[in-house]
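Peer 1: Before we start, here is the structure in question, set down as structure tokens.
The values are calculated or read from the model by the stated rules, or taken from the named source; none is laboratory data. Keep in mind that what you see is a predicted model, and the values were worked out from it rather than measured. Glycine gets a Cβ as well: all are built from the backbone with ideal geometry, and neighbour counts include every protein chain shown.
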Amino acid sequence: MLCALQICTMLPGVGASRRNFAKGQMRMDFVHFIGIGGVSMSGLAEILHTRGIKVQGSDMRESDATRHLEKLGIKVFIGHSYDNVTDGLDLAVYTAAVKLDNPEIKAAQDKGIKIIDRAELLGGLMEDFETPICISGTHGKTSTTSMVTEILLAADMDPTVSVGGHLDSINGNFRMGSNNHFVVESCEYFNSFLKFYPKIGVILNVDSDHLDYFHNLEEIQESFKKFAGNIKEGGTLIIWADTPGIEKIIEGLTCEIITYGAPGADVVSYDVAFDEDGYPEFGIIYKGQDLGKIKLGVRGDHNVLNALSAAAAGMIAGAPVESIAQGLSRFGGARRRFERKGSYKGALVADDYAHHPTEIKATLAAAKKMSQDRLLCVFQPHTYTRTKALMDDFAGSFTNADQVLVLDIYAAREKNTGDVHSLQLAQRIKEKGKNAIYFPSFQDAEIYLRENLVPRDLLITMGAGDVYLIGEKLVSEELSTLSTGKTGLAE
């Protein structure tokens, strides 16, 4: 089966404007993904493959995602090369992390192959669906997208899903369902979500982030306002009532607006309580209707708010009330979202993707509600621009941690300009009265943890890079020790 997308270019060979889709239609038989191992890109590649389109792609390194795609029969090149762009291609798709001087983009331009970015493809795919549901916000997108997915699955509504993390119930980051509901995690970075036209749009929060692209909070608020303005006629915006700049964001909208999470909002919680493991139980009132009580399998006040928005999306999409409770209660978290990894020397080991001060505060506040004695956080800052721009906010975000181990900055897409260093962050955290130690390598941090972790500690590795490997290594060592009957980690 072939997929039809309507595409035209803004620049010679590069990009496309969603509003110009109607100008022409192009049938795709063969598509190349530049950066195919990315969370969203791998899901999109699989969607096209499932629809019978020939797909190939490249990525800088091998990963679980690339291996999975290869098992499906998709050709994956490791490393970017001009020669990877083979003859016969109809379309090349690139991710925002790929620069326009990439050799594969140049090859596609030279060969006259249409080139669009990931968001353009995703936005085009949405047009095939009756009810696109787009979950946006600076924080909480993956968890909330997962919650909405669980609700629609519980209601047997057969959603198609694209989520920015691994969700066990769909065994990955995408699910191919019917053409009725398409649940999409929608990111503001590079204004990507402005290429989406949802029937139901959710704005979880608006905070200062991605300051390598946006200049300030006001510019970010303007981006979310445009996203809200993209909601289709007869559609609905669901927005946190305490969103900074909410008046500006909703001004002039003609769609229905539903607020949540504050006194007087359309959707509120009541009787919120936490058990000894930090899991919340609470009731939900939706536009005056009591939806009953639920118990979440994820921790934190922030997830109570996420659940309110997900419940609202489920109700608007037509899910029965009982499916709201069932789906939310079923959700046990996406991978790398306060994910329990195991234990080491009697200490609980967990991992979280938090890489922004607001996310760090929320995760550590949730962790503090657990019955563990001591909370240790191994933090890997993500990108130089974010660390520099939000240095003071980062320094004040570890209030609930008893000790912070600070690692070197994970560069991601950036180059080190030498004007910010993790040593500075560790010092700032100390100035806030917290015990912070800088470690120049994972190995140094692991040695410290082996020597200092004790029973009833809670260790959280935190960051959007590869910091999770530290916890996984310690847990693996513990399992190896138990399986061999050894009493120590080394001979």
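Peer 1: Output the residues belonging to the range 423-445 that are buried (at least 19 other Cβ atoms within 10 Å of the Cβ) and either within 25 Å of residue 60 (Cβ to Cβ) or not basic (Lys, Arg) (or both).
Peer 2: 425, 426, 429, 436, 438, 439, 445
Peer 1: Which residues, counting only those in the range 174-194, are more than 25 Å from residue 325 (Cβ to Cβ) and crowded, with 24+ Cβ neighbours inside 10 Å?
Peer 2: Scanning the range 174-194 gives 186, 193.
Peer 1: Please work out which residue is surrounded by the most Cβ atoms within 10 Å (Cβ to Cβ), limiting yourself to the range 50-90 and to residues that are of a type in the set (Gly, Ala, Ser) and over 15 Å from residue 31 (Cα atoms).
Peer 2: By that ranking, first place goes to 65.
Peer 1: Would you say residue 67 is over 20 Å from the mean Cα position of the chain (by Cα) and over 15 Å from residue 162 (Cβ atoms)?
Peer 2: Answer is yes for this residue.
Peer 1: Taking the residues in the range 197-228 that are among the hydroxyl-bearing types (Ser, Thr, Tyr) and under 27 Å from residue 388 (Cβ atoms) as candidates, determine which candidate is modelled with the highest pLDDT.
Peer 2: 223
Peer 1: Let me ask something else. Pick out the one residue from 420, 406, 378, 349 that is surrounded by fewer than 20 Cβ atoms within 10 Å (Cβ to Cβ), touching a helix residue (DSSP H, G or I) at 6+ places or on another chain (Cβ under 7 Å) and not charged (D, E, K, R).
Peer 2: Of the residues listed, the single one that is surrounded by fewer than 20 Cβ atoms within 10 Å (Cβ to Cβ), touching a helix residue (DSSP H, G or I) at 6+ places or on another chain (Cβ under 7 Å) and not charged (D, E, K, R) is 420.
Peer 1: Within the range 307-326, is there a residue that is of a type outside the set (Ser, Thr, Tyr) and closer than 30 Å to residue 476 by Cβ?
Peer 2: No, the range 307-326 contains no residue that is of a type outside the set (Ser, Thr, Tyr) and closer than 30 Å to residue 476 by Cβ.
Peer 1: Return yes or no: is residue 426 at pLDDT 90 or above and touching a Lys or Arg at 6+ places or on another chain (Cβ under 8 Å)?
Peer 2: No; evaluated as a whole, the condition is false for this residue.
Peer 1: Tell me which residues, restricted to the range 353-370, are within 18 Å of residue 466 (Cβ to Cβ), at pLDDT below 90 and either out of contact with any His (no Cβ under 9 Å at 6 or more places or on another chain) or assigned by TED's automatic domain parsing to the domain that holds residue 300 (or both).
Peer 2: Within the range 353-370, 353 is the sole residue that qualifies.
Peer 1: Among the candidates 130, 120, 150, which residue alone is within 26 Å of residue 220 (Cβ to Cβ), touching a residue at least 40 places away in the same chain (Cβ under 8 Å) and of a type in the set (Asp, Glu)?
Peer 2: Selected residue: 120, the only one of 130, 120, 150 that is within 26 Å of residue 220 (Cβ to Cβ), touching a residue at least 40 places away in the same chain (Cβ under 8 Å) and of a type in the set (Asp, Glu).
Peer 1: Could you please find all residues in the range 279-316 being under 22 Å from the mean Cα position of the chain (by Cα), aliphatic (A, V, I, L, M) and closer than 16 Å to residue 239 by Cα?
Peer 2: Of everything in the range 279-316, those that are under 22 Å from the mean Cα position of the chain (by Cα), aliphatic (A, V, I, L, M) and closer than 16 Å to residue 239 by Cα turn out to be 304, 305, 307, 308, 310, 311, 312, 313.
Peer 1: Oh, and also: For the range 142-171, give me each residue that is polar (S, T, N, Q) and under 23 Å from residue 127 (Cα atoms).
Peer 2: Matches in the range 142-171: 142, 144, 145, 146, 149, 160, 162.
Peer 1: Being in contact with a strand residue (DSSP E or B) (Cβ under 9 Å, 6 or more places away or on another chain), more than 16 Å from residue 291 (Cα to Cα) and not aliphatic (A, V, I, L, M) is the filter here, so list the residues in the range 260-278 that pass it.
Peer 2: 274, 275
Peer 1: Something else: Return the total of residues in the range 297-323 being surrounded by fewer than 21 Cβ atoms within 10 Å (Cβ to Cβ), at pLDDT below 95 and outside any helix (DSSP H, G or I).
Peer 2: Summing the residues that are surrounded by fewer than 21 Cβ atoms within 10 Å (Cβ to Cβ), at pLDDT below 95 and outside any helix (DSSP H, G or I) in the range 297-323 gives 1.
Peer 1: Please state which one of 168, 156, 207, 212 is more than 17 Å from residue 140 (Cα to Cα), assigned by TED's automatic domain parsing to the domain that holds residue 262 and touching a helix residue (DSSP H, G or I) at 6+ places or on another chain (Cβ under 6 Å).
Peer 2: Result of the check over 168, 156, 207, 212: 212.
Peer 1: Of all residues being of a type in the set (A, V, I, L, M) and loosely packed, with under 15 Cβ neighbours inside 10 Å in the range 1-25, which is modelled with the highest pLDDT? Just the residue, please.
Peer 2: So, considering only residues that are of a type in the set (A, V, I, L, M) and loosely packed, with under 15 Cβ neighbours inside 10 Å, the one modelled with the highest pLDDT is 4.
Peer 1: Report the residue count in the range 462-483 for those that are under 17 Å from the mean Cα position of the chain (by Cα) and polar (S, T, N, Q).
Peer 2: The qualifying residues number 0.
Peer 1: For the range 150-171, what are the residues that are out of contact with any Leu (no Cβ under 9 Å at 6 or more places or on another chain) and closer than 20 Å to residue 352 by Cβ?
Peer 2: Within the range 150-171, 163, 164, 165, 166, 167, 168 meet the criteria.
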